[in-house]
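Student: Pasting a structure below so you can have a look.
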Amino acid sequence: MEKIKKHILFILTFSLLFLSIPAETLTNPLLPADTPHINANNTKSPITTATTEITEYPKNQVNPLWWDEAIYMGLAESLYQNRRYTFNFGNQESFRPPMYPLILAALFAITGPSEITPIYLNILIALLTAITTYLLAKELFSCKKISTASAILAVTSQQYIFWSSKILTEPLAILLTTLSLLIFTRITKNKSTALYPLLGFILALAFLTRYLLGLLPIYFGLWLLATDRNYIKENRKKIMQCLTIFLLILSPWMYQSCIAYNHPFGSALSNIHQVNDLYEPEPKTYYLSNLYTYLPYLGPLFTLGILLSILTKKSKDTKIKTYPVIGRAGTQGRVSQNTKADIDNTTKKEQYFLIGWFAMTLLLLSFGIGQKYIRYLLIALPAIAIISAKALNDIAGAITKKHANLILALLIFAITIPGAQAGLTTATQNKEDSIILRQAADYIKAHSGPGDSIMSENYALFHYYTKQHVIGYPKDPQAIGEFIKRYNVSYLVVENSIYYPEYLKHHFDKTPGFTKEYENHEKDHYIKLYSV
């Protein structure tokens, strides 16, 4: 336990040093001019600077929001204020997994609705992810070097830092994935069957965070079938207990799905419909062809780790030297010269367990989901980080046995610093389209009254910022007048951040009865507001 505490302390120390980068890296130019920032040329101590940056970092990530961020914030505010899981009209967006909005709503009861709260939550989740990744690697390989390297690689990777700066489900999904893998490993490796109820509970939370994580119980079942069928027979009651708890936790969600979609899994099916049928599918090779682009450091390392696990022979357990001692009461015994945690007792089974989870995720995303984003693949980040750490440890040992620890530390430093820097830089870049959308929404909010509606295809951002109902455009331009009267539309929005009907480009400029009140341009993006 003492050793675990030491390595957790090391991870925290590394994080503090990492956060002491010059303030310009963390400064968001979108904030008001009077927002306090850190002077990069000040004379404060590194600890003081790091502490200040920790408190200022969440503020620097606030606004403008993306489409999905606005929806999750809107759902959370609706739960907090109205006790209803709704967005804009009726069941719109209620197909989304409810776990993340529920957590935000609970936090809003303490802090009030705030876009800063989710960023602080993500910092806490990052710390917990580092700890669970450490424990998972330790459970699999019994090697503190691999465990520490895995924790660092996971939470300082470019993709993790970038998505942790967003109000999205990625950080929570990664944490619950890692925790599920950890509990399952302890159950199967240490025969800790008492953990089955906890596993069922965590698997349910994971599914309610990201429907894709319904893969976890399927993967665990396939893994047991492939590696130890007798275990299933011997523990079928415990496994059924796990599945029962899993379904019990899901039952309220299934009930709501029946009401909204007439099917116990209607929310998940509607979500699949959104990503499969409403968008042009990407090539099936999307993830493989972009793995090195989006994971420029972990991608090659992970590939090397897979090759090493396949090509190298199964490692034998290292013999632990012991020496005799005499206890306080005169009893004799033998004590190990080095602890089990110092030894890499890697077997192919442990590595294949992680590689199998990555492979199953990759196959489903490549062939089963049409819409493809690299963030969907991040549920495999624990496997990628741990296999990469194992590869780094093997490289360091191959270079030199005497100074392997130093080489490993230098390799980790060389990989994590540029990756983390790239993640921070990307996270703090201007989002021009979202900026001018926010400005236009503020204009509408200031110039319209209660009960008014907006006509726009971008209902997510305009509903969240204005709290007004947002109506989509009809296919027939002749029906616009009828929509305006029926929904009391005060402003009509035309912009090019998402798809709008082609007829709208100059429709309101040529049609009598519409006045262009507002127009803004930013690079290739434009927005126009018309009043009736």
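Student: Within the range 159-180, is even one residue among the basic types (Lys, Arg) and surrounded by 24 or more Cβ atoms within 10 Å (Cβ to Cβ)? Spell out how you get there, then give the answer.
Tutor: Just the residues of the range 159-180 that are among the basic types (Lys, Arg), to begin with: 166.
This time we only want the ones that are surrounded by 24 or more Cβ atoms within 10 Å (Cβ to Cβ), so: none.
No, that holds for no residue.
Student: Among (1) over 22 Å from PRO264 (Cβ atoms); (2) at pLDDT 95 or above; (3) touching a Pro at 6+ places or on another chain (Cβ under 8 Å); (4) among the aliphatic types (A, V, I, L, M), where does ILE167 come up short?
Tutor: ILE167 satisfies every listed condition except (2).
Student: Can you give me the number of residues within the range 268-281 that are assigned to a loop (DSSP other than H, G, I, E, B) and either modelled with pLDDT of 85 or more or buried (at least 17 other Cβ atoms within 10 Å of the Cβ) (or both)?
Tutor: Total satisfying the criteria: 0.
Student: Still on this structure, please answer the following. Search the range 419-445 for residues that are within 19 Å of LEU295 (Cα to Cα) and pair each with any residue that is in a helix (DSSP H, G or I) and at pLDDT below 80 when their beta-carbon atoms are under 8 Å apart and the residues are at least 6 apart or on different chains.
Tutor: Short answer, once both residue conditions are applied: ALA420/PHE18; GLN421/THR25; LEU424/THR25; THR425/THR25; THR428/THR25; THR428/ASN60.
Student: Just the residues that are farther than 20 Å from ILE183 by Cα, over 13 Å from the mean Cα position of the chain (by Cα) and small (Gly, Ala, Ser), please, taken from the range 123-170.
Tutor: ALA149
The rows are residues; the columns are (1) at pLDDT 85 or above; (2) surrounded by fewer than 13 Cβ atoms within 10 Å (Cβ to Cβ); (3) among the acidic types (Asp, Glu).
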{"site": "LYS401", "(1), (2), (3)": "no, yes, no"}
{"site": "THR426", "(1), (2), (3)": "no, no, no"}
{"site": "SER434", "(1), (2), (3)": "no, no, no"}
{"site": "LEU437", "(1), (2), (3)": "yes, no, no"}
{"site": "ALA441", "(1), (2), (3)": "yes, no, no"}
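Student: So PRO113 clears everything in (1) touching a Gly at 6+ places or on another chain (Cβ under 6 Å); (2) over 28 Å from ILE183 (Cβ atoms) except one condition, right? Which one?
Tutor: Here PRO113 meets the rest and fails (1).
Student: Give TYR459, TYR503, TYR499, TYR487 a once-over and let me know the one that is out of contact with any Phe, Trp or Tyr (no Cβ under 8 Å at 6 or more places or on another chain), under 14 Å from TRP67 (Cβ atoms) and surrounded by fewer than 22 Cβ atoms within 10 Å (Cβ to Cβ). Break it down stepwise before answering.
Tutor: Values: TYR459 fails: surrounded by fewer than 22 Cβ atoms within 10 Å (Cβ to Cβ); TYR503 fails: under 14 Å from TRP67 (Cβ atoms); TYR487 fails: under 14 Å from TRP67 (Cβ atoms).
From the options TYR459, TYR503, TYR499, TYR487, the qualifying one is TYR499.
Student: From the list ILE417, ILE454, ILE444, which residue is aliphatic (A, V, I, L, M) and part of a strand (DSSP E or B)?
Tutor: Numbers: ILE417 fails: part of a strand (DSSP E or B); ILE444 fails: part of a strand (DSSP E or B).
Every option except ILE454 fails the conditions.
Student: For the range 282-299, how many residues meet the condition of being surrounded by 15 or more Cβ atoms within 10 Å (Cβ to Cβ) and more than 14 Å from GLY370 (Cα to Cα)?
Tutor: Within the range 282-299, residues that are surrounded by 15 or more Cβ atoms within 10 Å (Cβ to Cβ) and more than 14 Å from GLY370 (Cα to Cα) number 8.
The values are calculated or read from the model by the stated rules, or taken from the named source; none is laboratory data. For clarity, every value in this text was computed on a predicted model and none was experimentally measured. With ideal geometry, Cβ positions are generated from the backbone for all residues, glycine too; neighbour counts draw on all protein chains shown.
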